[in-house]
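In what follows, a single structure is set out as structure tokens and then discussed.
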Amino acid sequence: MAAKLSNGSIEAIIQGGSPDKPVLQVISFKKISAGGSADRYRLLLSDGELTYSHAMLATQLNNYMEDGLIDNLCVIQVERYLCNTIQNDRRIMILLDVNVLQPGSQVGVRIGNPQQYKAGSTDGGQVNGHENTNNSNHMQTDTTPQQIIKPQNNSNGPMSTNNNKPGYSIKGGGAATASPSTTRVHSITSLTPYQNRWRIRARITQKSSVKTWSNSRGEGKLFSVNFLDESGEIRATGFNDAVDKFYDMLEVNKVYYVSRATLKTANKQYSSVNNDYEMTFNPDTNIEICEEETDLPTMTFDFVQISDLEKHQPNSMIDIIGVVSKCGDIGSVVGRQSQKEITKRDITLVDQSGVGVNLTLWGNDAQQFSGDGNPVIAVKGARLSDYGGRSLSVLASSQMIMNPDIRESHFLRGWYDREGQCMNFDKFASDGAGSSGAGGATNWKTFSQVKSENLGQSGKADFFTSKATIVYLKKENCMYQACPTDQCNKKVVDQGNGLYRCEKCNKEFPNFKWRMILSTNLADFSDNQWATCFQESAEMLLGEKADVIGNLREQDETKFDSLFQNALFKSFIFKLRAKVETYNEENRLKTVCLSATPVDWVQYGEHLVKEINQLVG
Amino acid sequence: MGDFIRPRINGKMMSSHQGRFVCLLGLAKDVDNSGKYFTLTTSDGQDIRIDMPEPLSEYVAGLTEIQGKVNKNTIQCENYVVFSDETSSSFNMELYNQAVELQAKLPNHYITGVNQE
């Protein structure tokens, strides 16, 4: 037997009421292709007394139509809906959430004898006076416009004000709604391109940096943010002027009122936000900060304890929070693909698990970062790598917040101030060999592979890692006198009068510092390889600081010689860079040692086991 | 010629080396009061009894290497080496076990000498 329809509910809805979960029949439907990606379905609904054709199905329910859940003559219970006014008196019902009570095949007929609803003839005639309105104020047609009536969905909060409830129906009177939604707030999920008098109140969960582009059609700048409210999320982008207007004012984790932006179908290529639409700020867009306390959902984090990082797979996204125990200096690396210089900064985060981990910041993040005061840093969506055991990197899509106002942050602050600062933290066991340039998987090569694969000969630099043994060290010309100025390593000219001149700094100094250029021959089981080691790696191989070595060379030749002897046949993990260099019109393949680290036998052993198992299959 | 080869094994390889001379590296414990035998926990976690030809004259504990003959599920010890406490604590038993199993799986790549018949 057919379900009972909510007679009179359509009349009530059109009048501005909001009957609770009306049961209606879908007489028929029509698919409207929007040209973009989302089709829309227009429904002819009946409540047994009236039929109404100005009803649309929310796009998130499109699959109900496509899968045939909703078909002609089926009976549905509308769990959630709203009514929007367009063009004066026309009211459109938008069904946001629907329960199919009986499929059309079961019902088979039009229930009752519904008549076509005619706008204007609201009194008498068709309605039998049944109203299924529960907790709403049912208004007559001639009352004041702009009455707010609560919709019937699960509202958790005070019923009195209109502030944090999603889904409002605005009852328009005769006049067009001139003063638009100034005090009303809509839900993000209710936003459509078909209705542009709306206002949302949402929190920013993500903000990108300003990006510029330049192509054949012109150039410009843009930034984007993600807005979140109780109903859902939406992405918003601002171009050119909007960047100037809004970029600085919008801050992550703060709540804003937004109105009058352009809605269009979402370009899923640029965003992973779950919404069919996205927003673009236009010259009319209005954004105000929301000062009141709200209970909008905040950014949710799923923090991983630093000690648990090794349980997670490299290349996965991690949410992390910790105190900055160490902040490195800004350095720069040459990007492997881009060949451009990128600034980076390494900081160390620690937490109560007693382990510290490296977090790498890039570009602007690196430049603007200050570790003063050991701040708490939270990152959402940092990428985990197995560089150095385990290490994290802040990507463009990650979100980093300093000293966030959340519970974990307060705990960390208290813990660090009390005990954390004095603790010794475990570090992740370095896998001995790191990566090249901008961070990635280790590129192990044997020396015979280096030769057979012609590494470095293609014009750009090739980076690789090898475990090798020192078989020869060139003692002659292994060091030079350099400018004592920090960062300047230019060779100084001995003036003879006890002064040394640096051409780069254009100054003379009474002293110099020793710098190493050590030519060495390394060997592994497959072949050997000449490489040049500079200061840090040379000091590692010889086991002494350059100044000490320099002094020995001048003063104690025996000890100097024994330093070189003792270094022979020691093994290290070498990070090497091979590149063809042009020197006086001649091209030469040069291999430079970027770092030499002592072999961690356990780490290296595990690496070998992995490789063997791969070979064995 | 004599059999000087002492292949390294772990607990589960004992049965396939019945009557042969092997080398077993593990953690020693539970020395019997008589000093004539003790227990060695192998790299794969099995407890094997080690029988001494003569009672032990020193205390055996921690990382220990036993060379001897496999006798059912005990070892008749010929030689033993006791490692220092420092070495014992820093030794990675898991990795050693993987090495032992790999060289057993790929004997052609880990030739140690002429095999016993």
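Summed over the stretch A:553-589, residues that are assigned to a helix (DSSP H, G or I), of a type outside the set (S, T, N, Q) and closer than 18 Å to A:THR520 by Cβ total 6.
Could you go through the stretch A:444-466 and let me know if any residue there is surrounded by 19 or more Cβ atoms within 10 Å (Cβ to Cβ), part of a strand (DSSP E or B), at pLDDT 90 or above and touching an Asp or Glu at 6+ places or on another chain (Cβ under 8 Å). Checking the stretch A:444-466: at least one residue is surrounded by 19 or more Cβ atoms within 10 Å (Cβ to Cβ), part of a strand (DSSP E or B), at pLDDT 90 or above and touching an Asp or Glu at 6+ places or on another chain (Cβ under 8 Å). Here A:ASN364 meets each of (1) open to solvent by 30 Å² or more (accessible area, probe 1.4 Å); (2) more than 18 Å from the chain's Cα centre (by Cα) with one exception, condition (2). In the set A:VAL379, A:VAL355, which member is in contact with a helix residue (DSSP H, G or I) (Cβ under 9 Å, 6 or more places away or on another chain) and among the aliphatic types (A, V, I, L, M)? The match here is A:VAL355.
The residue list B:LEU63, B:LEU56, B:LEU40 contains one member that is more than 14 Å from chain A (Cβ to nearest Cβ) and assigned to a loop (DSSP other than H, G, I, E, B), which is B:LEU56.
For the stretch A:74-90, the set of residues classified as over 18 Å from A:ASP20 (Cβ atoms) and assigned to a strand (DSSP E or B) consists of A:ASN84, A:THR85, A:ILE86, A:ARG90, listed by residue number.
Just one of the listed residues (A:ASP71, A:ASP47, A:ASP20, A:ASP67) is touching a residue at least 60 places away in the same chain (Cβ under 8 Å), surrounded by fewer than 21 Cβ atoms within 10 Å (Cβ to Cβ) and over 19 Å from A:THR192 (Cα atoms), and it is A:ASP20. Which condition number in (1) of a type in the set (S, T, N, Q); (2) in contact (Cβ under 8 Å) with a residue 40 or more places away in the chain; (3) open to solvent by 30 Å² or more (accessible area, probe 1.4 Å); (4) not in a strand (DSSP E or B) is the one that A:SER537 fails? (3) is the only condition that A:SER537 fails. Of all the residues in the stretch A:540-551, those that are surrounded by fewer than 18 Cβ atoms within 10 Å (Cβ to Cβ) and either assigned to a helix (DSSP H, G or I) or not charged (D, E, K, R) (or both) number 4. Yes or no: B:CYS23 closer than 29 Å to A:VAL616 by Cβ, away from chain A (no Cβ under 14 Å) and in contact (Cβ under 8 Å) with a residue 24 or more places away in the chain? The answer is yes for B:CYS23. Scanning the stretch A:600-615 for residues that are over 13 Å from B:GLN98 (Cα atoms) and surrounded by fewer than 12 Cβ atoms within 10 Å (Cβ to Cβ), we see that the one that is nearest to the other protein chains (Cβ to nearest Cβ) is A:LEU615. So is B:LEU102 open to solvent by less than 80 Å² (accessible area, probe 1.4 Å) and either closer than 29 Å to A:LEU608 by Cα or within 14 Å of another protein chain (Cβ to nearest Cβ) (or both) or not? Criteria met by B:LEU102. Under the condition of being charged (D, E, K, R), under 19 Å from the mean Cα position of the chain (by Cα) and surrounded by 19 or more Cβ atoms within 10 Å (Cβ to Cβ), the residues counted in the stretch A:237-289 number 1. Does A:PHE512 satisfy the condition of being within 14 Å of chain B (Cβ to nearest Cβ) and out of contact with any Leu (no Cβ under 9 Å at 6 or more places or on another chain)? For A:PHE512, the condition - within 14 Å of chain B (Cβ to nearest Cβ) and out of contact with any Leu (no Cβ under 9 Å at 6 or more places or on another chain) - is not met. Hey, could you check the stretch A:519-534 for residues that are in a strand (DSSP E or B) and aromatic (Phe, Trp, Tyr) and say which is most open to solvent (accessible area, probe 1.4 Å)? Out of the qualifying residues, it is A:TRP530.
When the criteria are applied in full, B:GLU54 meets the requirement of being out of contact with any strand residue (DSSP E or B) (no Cβ under 8 Å at 6 or more places or on another chain) and farther than 17 Å from B:ASN97 by Cβ. One residue stands out in the stretch B:80-99 among those that are loosely packed, with under 15 Cβ neighbours inside 10 Å and in a helix (DSSP H, G or I): the one that is farthest from the other protein chains (Cβ to nearest Cβ), namely B:ASP85. Restricting attention to the stretch A:212-237 and to residues that are at pLDDT 85 or above and of a type in the set (Lys, Arg), the residue that is nearest to A:ASP405 (Cα to Cα) turns out to be A:ARG235. Scanning the stretch A:23-44 for residues that are basic (Lys, Arg) and open to solvent by less than 20 Å² (accessible area, probe 1.4 Å) returns a single hit, A:ARG40. Among the criteria (1) under 15 Å from B:CYS23 (Cα atoms); (2) hydroxyl-bearing (Ser, Thr, Tyr); (3) within 12 Å of another protein chain (Cβ to nearest Cβ), the one B:THR112 does not fulfil is (3). Among residues of the stretch A:562-599 being without any contact (Cβ under 8 Å) to a residue 12 or more places away in the chain and open to solvent by less than 80 Å² (accessible area, probe 1.4 Å), the one that is nearest to the other protein chains (Cβ to nearest Cβ) is A:SER562.
The values are calculated or read from the model by the stated rules, or taken from the named source; none is laboratory data. Quick caveat: nothing in here was measured; it's all calculated off a predicted structure. Neighbour counts run over all protein chains shown; Cβ positions are idealised from the backbone, glycine included. Protein only, heavy atoms only, side chains kept; ligands, DNA and RNA dropped before computing areas. Shrake-Rupley method; radii C 1.70, N 1.55, O 1.52, S 1.80 Å.
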